[in-house]
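A.B. asks: Got a structure for you, questions after.
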């Protein structure tokens, strides 16, 4: 009897975890579909950093600051995090899709 209850508990926990994970993925997918990614060129101003740019432009994104900066560096072929005033960078931003 004890073994039977333990088996039912394990199955219940596993099923709940699987259902929760699936529901989370569906909801995350719906959130991503609400926003489109766009690109534009910006001129770096004195005092700007990749972090300040990430904070400004990653709004409405599911990306972390670190993920956004990594993408910025890849898009702009930056070898380091150093940027200079007057330099131009391509940035991405996210806007809600019109329905």
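Where a number appears in this text, it was derived from the coordinates with a stated rule and is not lab data. Just so it is clear, the model here is predicted, and its values are computed rather than measured. Note: ideal-geometry Cβ built from the backbone for every residue, glycine included; neighbour counts use all protein chains shown.
A.B. asks: Place the peptides 61-74, 37-50 in order of packing, highest mean first, counting for every residue the other Cβ atoms within 10 Å and averaging per peptide.
C.D. replies: The peptides rank, most packed first, as 61-74, 37-50.
A.B. asks: Follow-up. Grab the Cα-Cα distance for residue 49 and residue 63, subtract it from 0.36 nm times how many residues apart they are, and report the gain in nm with one decimal.
C.D. replies: Full extension from residue 49 to residue 63 adds 3.3 nm.
A.B. asks: Can I ask one more? Under Stokes-Einstein, with the Kirkwood radius over Cα pairs standing in for Rh, what whole-number D in µm²/s applies to region 36-99 at 4 °C and 1.567 mPa s?
C.D. replies: D = 107 µm²/s.
A.B. asks: For the residues 51, 4, what sequence is obtained by ranking on other C-beta atoms within 10 Å, fewest first?
C.D. replies: 4, 51
A.B. asks: For a Förster distance of 22 Å, can you work out the FRET efficiency between the beta-carbons of residue 34 and residue 90, rounded to the nearest 0.05?
C.D. replies: 0.40
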